[in-house]
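**Q** Here's a structure for you.
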Amino acid sequence: MPVVQDILRHHPDAQIDWVVEEGFVDLVKLVRGVRRVIPFALRRWRKKPLAAQTWQEIGTFRRALRETPYDYVIDTQGLVKTGWIARTARGAVWGLGNRTEGASYEWPVRLLYQHMVQIEPHTHVVTRSRLLVAGAMGFEVPGDIDFGIATERADHSQCPNRPYAVFVHATSRDDKTWPEADWIALGRDLAAQGLLIVLPWGSAAEREVSERLGAALGDSAWVPPKMNLSQVVGLIDRGAITVGVDTGLVHIAAALNRPTIELYNFSTAWRTGGFWSPHIVNLGDAEHKPTLAQVRDTVRAFAPLLPAASPAAHGLPGNVAASGEDRNA
């Protein structure tokens with residue numbers, strides 16, 4: 001996202017197309033300055049590689065990608081599959097010349113590039129992409145960072161109409177989670193300040209955890225229906241604070257510069273954690289797991305940014321109730 005804004009600062013008339021896995025199309029559509037989003041469905045195509053529909057969709061994708069001659073085709077991921085996509089487009093291909101620490105990189109991809117940019121190995125993933133594109137296009141990386149998310153285009157229909165906090169407990173790895181007892185204790189703290197605790201989820205297993213936490217917090221919590229990415233952006237955009245483990249929803253909160261507490265059980269915060277705003281705090285590493293006391297201290301430090309304590313009151317989207325069997329209606 002910052003790459004798009006960097007390009008437009010130096011080339012305001014640039015026309016920028018973005019190839020993205022189809023599940024993230026709604027998110028990319030919120031980025032200011034993207035002319036066209038070109039969906040790619042490799043995850044789905046792999047499940048039915050011989051199906052006629054798969055090959056029809058691949059053909060449609062290739063035609064869309066080759067429709068425009070580009071001055072720059074840039075692969076920011078450094079994978080063979082993304083290099084192949086870039087090579088399919090019409091234009092000289094730029095890519096990463098080396099692997100950076102902790103990031104995926106497949107060296108054969110270099111055979112698919114016409115030009116490469118070397119990056120210092122110890123580089124944050126956001127900075128890596130910005131340096132790559134700046135090196136390809138010949139400009140300096142701006143000192144500040146802008147993700148360019150047009151929140152006014154996001155779907156705010158699932159936002160409670162009372163102050164709330166967003167808890168992001170779900171992650172792709174069990175060893176990245178935070179103890180449920182700590183989520184509950186923190187939820188009670190924030191509920192005492194008048195905040196509703198919103199517990200989004202994306203899978204059946206994640207929903208079970210949200211429902212357990214919601215049951216423990218009672219009327220102070222709400223488990224929303226499953227949301228699309230536009231609704232997630234809308235939810236986080238209007239939330240008072242987001243607390244979560246190392247996962248996409250937390251990175252969205254950081255990109256929005258909302259008060260965000262990122263919980264790390266590994267020494268990866270330097271590579272993926274938000275660093276561009278004092279509203280973002282990264283806690284924990286491989287040797288020191290984030291503690292409830294640390295999170296409580298950070299919440300207290302955020303106090304000037306949070307709504308003043310107020311009596312609890314229901315204020316959910318539509319006719320959704322906050323407790324009992326109707327919590328997920």
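**Q** Tell me, which residue of segment 167-182 that is in a loop (DSSP other than H, G, I, E, B) and modelled with pLDDT of 90 or more is farthest from Gly248 (Cα to Cα)?
**A** Within segment 167-182, the match that is farthest from Gly248 (Cα to Cα) is Pro179.
**Q** So, one more: Identify all residues within segment 91-109 that are within 15 Å of Thr127 (Cα to Cα), among the hydrophobic types (A, V, I, L, M, F, W, C) and outside any strand (DSSP E or B); write none if there are none.
**A** If the condition is that a residue be within 15 Å of Thr127 (Cα to Cα), among the hydrophobic types (A, V, I, L, M, F, W, C) and outside any strand (DSSP E or B), then Ala103 is the only one that fits.
**Q** Confirm whether Arg90 is in contact (Cβ under 8 Å) with a residue 12 or more places away in the chain, over 30 Å from Thr268 (Cα atoms), exposed (fewer than 15 other Cβ atoms within 10 Å of the Cβ) and touching a Pro at 6+ places or on another chain (Cβ under 8 Å).
**A** yes
**Q** Let me ask you something else. Being touching a residue at least 12 places away in the same chain (Cβ under 8 Å) and part of a loop (DSSP other than H, G, I, E, B) is the filter here, so list the residues in segment 260-279 that pass it.
**A** If the condition is that a residue be touching a residue at least 12 places away in the same chain (Cβ under 8 Å) and part of a loop (DSSP other than H, G, I, E, B), then Tyr264, Asn265, Phe266, Ser267, Thr268, Gly273, Gly274, Phe275, Trp276, Ser277, His279 are the ones that fit.
**Q** In segment 73-87, which residues are more than 27 Å from Ala269 (Cβ to Cβ) and either touching a residue at least 40 places away in the same chain (Cβ under 8 Å) or buried (at least 17 other Cβ atoms within 10 Å of the Cβ) (or both)?
**A** Val73, Gly83, Ile85, Ala86, Arg87
**Q** Right, something else. Could you check segment 212-246 and list, in sequence order, the residues that are open to solvent by 40 Å² or more (accessible area, probe 1.4 Å) and outside any helix (DSSP H, G or I)?
**A** Within segment 212-246, Pro225, Lys226, Asn228 qualify.
**Q** Every residue in segment 169-211 that is of a type in the set (Asp, Glu), open to solvent by 40 Å² or more (accessible area, probe 1.4 Å) and within 16 Å of Val243 (Cβ to Cβ), please.
**A** Matches in segment 169-211: Glu180, Asp189, Glu206.
**Q** Still on this model: Being open to solvent by less than 70 Å² (accessible area, probe 1.4 Å), assigned to a loop (DSSP other than H, G, I, E, B) and within 24 Å of Thr88 (Cβ to Cβ) is the filter here, so list the residues in segment 1-44 that pass it.
**A** Met1, Ala14, Gly33, Ala41 - these are the residues of segment 1-44 that are open to solvent by less than 70 Å² (accessible area, probe 1.4 Å), assigned to a loop (DSSP other than H, G, I, E, B) and within 24 Å of Thr88 (Cβ to Cβ).
**Q** Looking at Tyr70 and the list (1) surrounded by fewer than 16 Cβ atoms within 10 Å (Cβ to Cβ); (2) under 25 Å from Lys29 (Cβ atoms), which single condition is not satisfied?
**A** With (1) surrounded by fewer than 16 Cβ atoms within 10 Å (Cβ to Cβ); (2) under 25 Å from Lys29 (Cβ atoms) applied to Tyr70, the lone miss is (1).
**Q** Can you find a residue that is of a type in the set (Lys, Arg) and open to solvent by 40 Å² or more (accessible area, probe 1.4 Å) anywhere in segment 105-116?
**A** yes
**Q** Here is a follow-up. Please work out if Val233 is of a type in the set (Val, Ile, Thr), in contact (Cβ under 8 Å) with a residue 40 or more places away in the chain and in contact with a helix residue (DSSP H, G or I) (Cβ under 8 Å, 6 or more places away or on another chain).
**A** yes
**Q** If you go through segment 60-76 one residue at a time, do you hit one that is of a type outside the set (A, V, I, L, M, F, W, C) and under 24 Å from the mean Cα position of the chain (by Cα)?
**A** Taking every residue of segment 60-76 in turn, at least one turns out to be of a type outside the set (A, V, I, L, M, F, W, C) and under 24 Å from the mean Cα position of the chain (by Cα).
**Q** What single numbered condition from (1) open to solvent by less than 10 Å² (accessible area, probe 1.4 Å); (2) on the phi < 0 side of the Ramachandran plot fails to hold for Leu249?
**A** (1)
**Q** Here is a further query. Can you tell me which residue among Ala86, Ala150, Ala92, Ala103 is of a type in the set (Gly, Ala, Ser), closer than 26 Å to Asn257 by Cα and modelled with pLDDT of 95 or more?
**A** Exactly one residue qualifies, and that residue is Ala150.
**Q** State yes or no: is Val125 of a type in the set (Val, Ile, Thr), touching a residue at least 12 places away in the same chain (Cβ under 8 Å) and buried (at least 21 other Cβ atoms within 10 Å of the Cβ)?
**A** no
**Q** So which of Ala293, Ala309 ends up being open to solvent by 20 Å² or more (accessible area, probe 1.4 Å) and modelled with pLDDT under 95?
**A** Within the list Ala293, Ala309, the selection yields Ala309.
**Q** Here's something else I'd like to know. Select, from Phe147, Phe139, the only residue that is in a loop (DSSP other than H, G, I, E, B), touching a residue at least 40 places away in the same chain (Cβ under 8 Å) and surrounded by fewer than 18 Cβ atoms within 10 Å (Cβ to Cβ).
**A** So the residue among Phe147, Phe139 that is in a loop (DSSP other than H, G, I, E, B), touching a residue at least 40 places away in the same chain (Cβ under 8 Å) and surrounded by fewer than 18 Cβ atoms within 10 Å (Cβ to Cβ) is Phe139.
**Q** Do you know which of the residues in segment 45-63 that are open to solvent by less than 50 Å² (accessible area, probe 1.4 Å) and touching a Ser or Thr at 6+ places or on another chain (Cβ under 9 Å) is nearest to Asp75 (Cα to Cα)?
**A** The extreme case among them is Phe61.
The values are calculated or read from the model by the stated rules, or taken from the named source; none is laboratory data. Just so you know, these numbers come straight off a predicted model, no measurement behind them. Don't worry about glycine lacking a Cβ; one is built from the backbone with ideal geometry, like all the others, and counts go over all protein chains shown. Note: accessible area is taken over every heavy atom of the protein model, side chains too, but ligands, DNA and RNA are not part of it. Shrake-Rupley method; radii C 1.70, N 1.55, O 1.52, S 1.80 Å.
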